[in-house]
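For reference, the structure discussed in these notes is given below.
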Amino acid sequence: MKAVGFLMLPAGWFLVLAAIVLFAVPPLRAAFVLAGVAVETLGLVLVFRAHLIPREEKR
């Protein structure tokens with residue numbers, strides 16, 4: 001899952017950059033930018049969860 005999280009970070013950036021370049025209508029552009037930010041957030045969550053110490057090993 002760590003690799004998937006790291007791959008989702010640039011995918012979110014590419015989605016945001018593509019939305020800015022391709023769409024001229026501001027509401028549609030904003031929707032794709034929000035989708036890109038959501039993909040980046042999901043990637044960060046996956047990376048952080050992959051680096052957490054499991055509960056059994058904490059004790």
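Observations on the model:
- Condition met for ALA50 (modelled with pLDDT of 90 or more and either among the charged types (D, E, K, R) or surrounded by 12 or more Cβ atoms within 10 Å (Cβ to Cβ) (or both)): no
- Residues that are in a loop (DSSP other than H, G, I, E, B) and without any contact (Cβ under 8 Å) to a residue 24 or more places away in the chain within the chain comprise PHE23, ALA24, VAL25, LEU52, ILE53, PRO54, ARG59, listed in sequence order.
The values are calculated or read from the model by the stated rules, or taken from the named source; none is laboratory data. Quick caveat: nothing in here was measured; it's all calculated off a predicted structure. All Cβ positions, glycine included, derive from the backbone under ideal geometry; neighbour counts span all protein chains shown.
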